[in-house]
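The values are calculated or read from the model by the stated rules, or taken from the named source; none is laboratory data. Model, not experiment: these values are computed from the prediction. Here the Cβ positions follow ideal geometry from the backbone for every residue, glycine too, while neighbour counts run over all protein chains shown.
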Amino acid sequence: MNFRRLTALLASILGGILVVIVTFLAVYAWPAVRFNRLHFLTQNNWNLGNLYADPIMVRGQQVLPAAHYGILFLIAGTLLSTLVAIVLAVPIGVGAAVFLAEALPPVMRAWVSLFVELLAAIPSVVYGLWGYAVVIPFLGHHLFPWMVEHFGFIPFFGGHAGSGYGLLTCGLVLTLMIVPLITATVRDALVTQPAALREGAVALGASRFETLWSVLLPGVRRVLTGASILATGRALGETMAVLMISGNALNYLPNNIYSPISTMASFIVSQLDSALEDPTGMAVRSLAEVALVLCLISIAVNGIARVLLLYQDRQLTRAV
């Protein structure tokens, strides 16, 4: 009984930390919420105002003249770059996990898996520097112009190829950063599948591919869903790597997949110094509101994942 209470206390601490963080952000950002209202989410106009003028009162809050804060471009950049990363990372991660679990002997699996997992240990700033020095020149000079020429007829793939900074570059680098998480998790789940499942499928005449597709992968759907959500959270909150390769777009939405963008996490870091120059503090509190929106998006993504898991459990119960 004491052990049960102890584990319940430890579990509640984690939930309590989340509540404390969200509450702090909500309280600190409340003046910005009152000033910005819903326009904060629907407009593309981040402007600190006239830093050399005297503050004025607007909607009960002291702000600089012409100050206006809208982050639709940040929401779009964050969600689009995460979407590109997840769309690319899930099939790559699952394919790599299948290769490690089913195609390699145990001795080789251990060594190759080590190198895959080491990718997750590389600091994000290293990925950013690699993206800046290697990926951006290659994409901007070679791949993006080729894509415009051959796939420009596809919506969102045409137009100006840009210089290499932008949405697709962020998506590719984020893909490399989150693939190890998906691969390692799904690989462990496949390896631990009972041997009787494989033997039973083979005994019924299933090929190796049919066994994998119809028996093993359905058995790790919950694990894959959980790993995908963890990877989504990593992509949503990535800061330094995205800051170095996104192009730091301000106040406009991407018009194609090569356009420069800004994400909420990287924008907070890049704008904090200038926001501190606002004597009214509204700019910093608006950045806190950006953090609050990002936090709520992450919570919503995890909530959706929970609903999907419950739906999968219900479908499995009906099948049984």
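A few remarks follow.
- Selected residue [at pLDDT 90 or above and assigned by TED's automatic domain parsing to the domain that holds residue 66] from 319, 288: 288
- When 112, 87, 94 are checked against the criterion of being within 18 Å of the chain's Cα centre (by Cα) and surrounded by fewer than 19 Cβ atoms within 10 Å (Cβ to Cβ), 87 stands alone in meeting it.
- Residue 77 meets the conditions (1) outside the structural domain of residue 248 (by TED's automatic domain parsing); (2) in contact with a Phe, Trp or Tyr (Cβ under 9 Å, 6 or more places away or on another chain); (3) surrounded by 11 or more Cβ atoms within 10 Å (Cβ to Cβ) in every case but one. The failed one is (1).
- Screening the candidates 110, 76 for the property of being out of contact with any helix residue (DSSP H, G or I) (no Cβ under 9 Å at 6 or more places or on another chain), touching a residue at least 40 places away in the same chain (Cβ under 8 Å) and either among the hydrophobic types (A, V, I, L, M, F, W, C) or outside any loop (DSSP other than H, G, I, E, B) (or both) yields one hit, 76.
- Residue count for region 145-172, restricted to those that are among the aromatic types (Phe, Trp, Tyr) and either on the phi > 0 side of the Ramachandran plot or part of a helix (DSSP H, G or I) (or both): 3
- The set of residues from region 138-167 being touching a residue at least 24 places away in the same chain (Cβ under 8 Å) and in contact with a Phe, Trp or Tyr (Cβ under 6 Å, 6 or more places away or on another chain) comprises 144, 157, 161, 162, 166.
- If the condition is being aromatic (Phe, Trp, Tyr) and in contact (Cβ under 8 Å) with a residue 24 or more places away in the chain, then region 31-69 contributes 35, 40, 46, 69.
- Residues of region 214-232 that are surrounded by fewer than 17 Cβ atoms within 10 Å (Cβ to Cβ) and of a type outside the set (Gly, Ala, Ser): 218, 221, 222, 225, 230.
- Yes/no for residue 250 being assigned by TED's automatic domain parsing to the domain that holds residue 146, in contact (Cβ under 8 Å) with a residue 12 or more places away in the chain and surrounded by fewer than 20 Cβ atoms within 10 Å (Cβ to Cβ): yes
- Filtered by the rule that a residue be aromatic (Phe, Trp, Tyr), more than 28 Å from the chain's Cα centre (by Cα) and part of a helix (DSSP H, G or I), region 1-60 gives 3, 35.
- Flag for residue 189 being modelled with pLDDT under 85, on the phi < 0 side of the Ramachandran plot and over 14 Å from the mean Cα position of the chain (by Cα): yes
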